[in-house]
Each structure stands twice: as structure tokens, then as C-alpha cells.
1. State all residues of region 289-309 that are open to solvent by 10 Å² or more (accessible area, probe 1.4 Å) and among the hydrophobic types (A, V, I, L, M, F, W, C); if no residue qualifies, say none.
2. Test each condition in (1) out of contact with any Asp or Glu (no Cβ under 7 Å at 6 or more places or on another chain); (2) open to solvent by 30 Å² or more (accessible area, probe 1.4 Å); (3) in contact (Cβ under 8 Å) with a residue 60 or more places away in the chain for Arg273 and report the one that comes out false.
3. Taking the conditions exactly as written (modelled with pLDDT under 90, polar (S, T, N, Q) and either open to solvent by less than 20 Å² (accessible area, probe 1.4 Å) or not in a loop (DSSP other than H, G, I, E, B) (or both)), does Ser414 satisfy them or not?
4. Here is a check on your reading of the model: is Leu341 open to solvent by less than 30 Å² (accessible area, probe 1.4 Å) and more than 16 Å from Asn159 (Cα to Cα)?
5. Just checking, does region 156-169 include any residue being free of Cβ contacts under 8 Å to residues at least 40 places away in the same chain and surrounded by fewer than 23 Cβ atoms within 10 Å (Cβ to Cβ)?
6. Which residues, counting only those in region 461-515, are open to solvent by less than 10 Å² (accessible area, probe 1.4 Å), part of a helix (DSSP H, G or I) and within 19 Å of Ile259 (Cα to Cα)?
7. Give region 425-459 a look and list any residue that's under 16 Å from Leu132 (Cα atoms), outside any loop (DSSP other than H, G, I, E, B) and of a type outside the set (Ser, Thr, Tyr), or say none.
Amino acid sequence: MSSTKARILQCIGTSTRSSNLDESSLSFSGSYHGLLQYKHGILWGTWRFNLSFVFASTGIVPVPIEQRIDTQFHKIFFIWFTGNFNILSFSTGSLGPTAFGLSTRDSCLVIIFFNLLCCLPPAYFVTWGPKLGLRQMVQARYSFGYYGVIIPCLLNLVNLCGFCILDSILGGQTLASVANGNLSWTVGIVIISLISLFVSFCGYTVLNWYERLAWIPVLVSFVVALGLGGKHLSNTVATEPATAVSVLSFASVIAGYVITYSSISSDFTTYYRPGGGSDWKLGLYSYFGFFLPITTVQCLGAAVASAAPLVPAWEQGSDSGDVGGLLAAMLSPAGNFGKFLTVLLSLSVAGDIAASFYSISLNIQVFIPSLVVVPRYVFSIAATAIVLPLSIVGAHRFYDTLENFLSLIGYWASDFIAIILVEHFVYRRRNTAHRLTMGYDLTQWNQPRLLPTGIPAIVAGVLTFGLVVPCMSQILFIGPIGEKVGDIGFEVAFFLCCILYLVLRGMEVRWRGRI
């Protein structure tokens, strides 16, 4: 247990250097059931949970090379595949016809093309986990600085909680749709949230096992729905010819769905063994783990949404933006078996919410390092307490919530990706003394004075929005450029931020005399 104590103390890092806490201040009784206490009475708590759950990983502490031994690279495919093979992907695809007036063909072309591009950044960042042993937001300290990374951490927490809210709304609506009015959306949302919370309590190992199996009943449900309703998909509502405004605005939603995974990519790969082709294996498994479920289910959502107005039962089921009601109507010809499959579809979001809770705990520890001593389940409970009321409030305006959220988070995610990539390819490659770790000195991960100041990253990110805002085309705001050409905010954010960060970071390197 001494190594565990040392990692906890290391993780607390500079935030506790002024206190009297040292390694001798921590004591554990028993090998796995124990008592964590500070000698001076600062913290005292008995854990009935297995310590292997509380410290299911090393938290935000870099994983040592000797612990990066997992060679079952296919597991990461199922983490991403199951997390996206759900009704949230379905509803996102349905925005093409319902919110932007696109035909099935045009919606599917946008979905395929932009997912082909936007799955690349998160899949690439996944490959850094085995090489560095760093969680994604800890790695971001090498661009944003020890304190500056608080900003993307907060934005990422909003991102993760936002997806949990959307998942909870959809799961609750879908569950309620099979109860014939005997179960409200609110109760459905509570049930889905509590089930997801329970899954998150089971730890990373059980989550991996769950993700490997949970997609199978979802696949069966979608196949049966297609078998029952596929005959209607060839008849769709007539639409106006696609315009640049509608295509690019829908593209910003599609991009916002997947590129935000870039801020949590390496959270799930720090225990994999580096070398031996692990880069290509993890990269390809992750790319197709994103692309296949997202593209397939989003295209299905677009096709069903285009046909729904011409099928009375579907149109009635989807009244007031009830995606769950639409799915229940598709499966209703199967009777009670159809209701059972609808319940399975409602549970398809549980894995995504549980995985989000896992990353939320890591983000909070980066934000406030001293909280590493807090059991992870506390963060999951806190996240649930936030997600539940917001889900209930947003349930009756789901499509507006979904469209605005996915578009807006795409802007900051583009900034984040641009900054991390420029730092990696331009500046870290100059650090030849640490070539084996891609130019990153892993001893600096919690040393504020040795890390970059973060000023170039923050300034570049903020200045970028001076041009992003005029390029927006959202329900909340339409800029002059966005009004004419559509929403190109995430594309502008990426390229402009690349240029600004390249210049500003170069100035910082010259001023400090080191990377």
C-alpha cells in the first residue's frame, strides 16, 4: 500500500504543500477495507466500499510504465461503440429533417462526410494514453498550464453534464412511452439516472464488461424496428433543395456530437501497453468505435424523422419532440415484445452516462487536486444531483436543447483540439531530451513553474470567438456571416486558433527560453 499512498500524496501535489500533510499522515488498515485519516483530524472517514473501487485507477496521477500492461486493445472499441450506439445518436440524426429541413439523402451525406473527418481527433488522442499514462485534461496542462487548464476543465464538465442531461431525458421519455400514461417523463428520468449511477459505482472493470455486451440488445431492438417499419422509409416528406446554410448548420451539430470526445479520449487508455503497434490498433479501434455506431444510428434517425409525418402512428408518437414515443410507435406492432425492446432502448444511454461520470471525477480532480482523497462515488452522486433537475426542466424542450447544446460545445472543442495539436506537433517535437515520451517531461505534470503559463492558450481561445460569433447560426443567435453561409463557427475556431496559438506560444517560448 505504500505505493498507493505515495501516488495519492503526489496527486495532491502543490495544493497541499503548505499543509502539514505528509506520507506518514496517511494510514490504511487492512489490505483493501480501510480507514483513511489525517493524523491532525482534518479528515476522518471509514469506507465500506472496496478500496479497489475507490482507487479503481490512480486518479489523475500518471500511470507508471510498469502498470501499462493491458494488451486487449479491442476493449476500447466497445467503450466508444456502446457509448454511441444509442437513442441519443438516433435523435441527433433526426435533427437534419426536423430542424434544418434536409432530405434523408442530404442529411445522410452530411452525417457521413463530417463524421469521417470529426472522428479523427478523438481517435488520435486515444493513442496518447499508453505513451504518456496521462489523463486527457492532465495532458492539457502542457498547453494550458497548471492553473489555466481550469478553464477547459470547467467547459468539459459542462460538456459531460450536458450529455448526461440529454441521455437522461431521452432514456426517461422512452421508458415512459411504454407505460400508457402511467409513468411520467420525470419518473422515467429519475429511474434512468439511478440505474446509470449504479453502473458507475461498479468501477472501470465492470464498466468495460458492460460496454462489451450492452450494444447487443440495442442492435436487436433497432433491427426489429427496421423490420417492422422499414417499408415506410421510402416515402418521405418533400423538402426544399438543400442550401449552404442548412447543410453547414447541421454539420456543426454533427461535429459537436463527436469532437467533444477529444477532451476525454485518453482517460480510458492509460493502462494499455505502449509499442508493438498499439498506436495503430488503438487508433483504428477507436476511429471505427466512433464512426460506425454514430453514422449508422444517425442516418437511421434522419430516415425515420423524414418518414414520420407520413405515418400517422409515428407522427402521433413523436408529438412534442418525444423521440421515445416515436421509437415506441415503430415497435408497437410487436405488442408486448415491442414494449420490452423499447425498454431496452431506454437503457441504451446508461453506459454513456456511467462513462461520463467516470470522466467527470477525473476532471474535478484536475480542477481541485486536493479532492483526490474523495471517493469517486461522491462525484458520481454530485453529478446525478445536478443532472436530475436539469433533465426534468429540459425534457419538454428537448430538440431545442439538443440543437443548441451540440452546436455551442463544438466551438470550444475546436479551440481545444487546435491548441493541443499545435503544441504537440510544433513545440513538443523540439524537446528532444524527452523523445521517448513525445517531448513531454512527465515529471512536470504537477509542477506549475515548469509547465507553460497557459496564457497563450487562453488568449488564443478567447480571441478566436471574436470571429466565431459572427459565423454562428443558432436559435440563440445568428451572426451576419452565419446568416449568409450557415454556421461555420467550429471550422473558423479551429483554423484561427491554430494560427493564434502558434504565434503566441512562440512568443512565450522565446521569452522563457524553454518549452
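1. Phe291, Leu292, Cys299, Leu300, Ala303, Ala305
2. It is condition (1) that Arg273 fails.
3. No, not satisfied.
4. Against the criterion (open to solvent by less than 30 Å² (accessible area, probe 1.4 Å) and more than 16 Å from Asn159 (Cα to Cα)), Leu341 qualifies.
5. no
6. Thr464, Val468, Cys471, Gly489, Ala493, Cys497
7. Once the filter is applied, which keeps residues that are under 16 Å from Leu132 (Cα atoms), outside any loop (DSSP other than H, G, I, E, B) and of a type outside the set (Ser, Thr, Tyr), region 425-459 yields Phe425, Arg428, Arg429, Ala433, His434, Arg435, Leu436, Leu442, Gln444.
So that you can scan it fast, the table gives a plain yes or no per residue for (1) touching a Lys or Arg at 6+ places or on another chain (Cβ under 8 Å); (2) of a type in the set (Val, Ile, Thr); (3) open to solvent by less than 40 Å² (accessible area, probe 1.4 Å); (4) closer than 23 Å to Ile294 by Cβ:
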position: Ala350; (1), (2), (3), (4): no, no, yes, yes
position: Ser361; (1), (2), (3), (4): yes, no, yes, no
position: Pro369; (1), (2), (3), (4): no, no, yes, no
position: Tyr377; (1), (2), (3), (4): no, no, no, no
position: Ala382; (1), (2), (3), (4): no, no, no, no
position: Val387; (1), (2), (3), (4): no, yes, yes, yes
position: Leu390; (1), (2), (3), (4): no, no, no, no
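The values are calculated or read from the model by the stated rules, or taken from the named source; none is laboratory data. From a predicted model like this one, the values you see are computed outputs, not experimental measurements. In this analysis, Cβ positions are derived from the backbone assuming ideal geometry, glycine residues included, and neighbour counts consider all displayed protein chains. The protein model used for the area step is the full one, side chains on, heavy atoms only, and it has no ligands, DNA or RNA in it. Shrake-Rupley method; radii C 1.70, N 1.55, O 1.52, S 1.80 Å.
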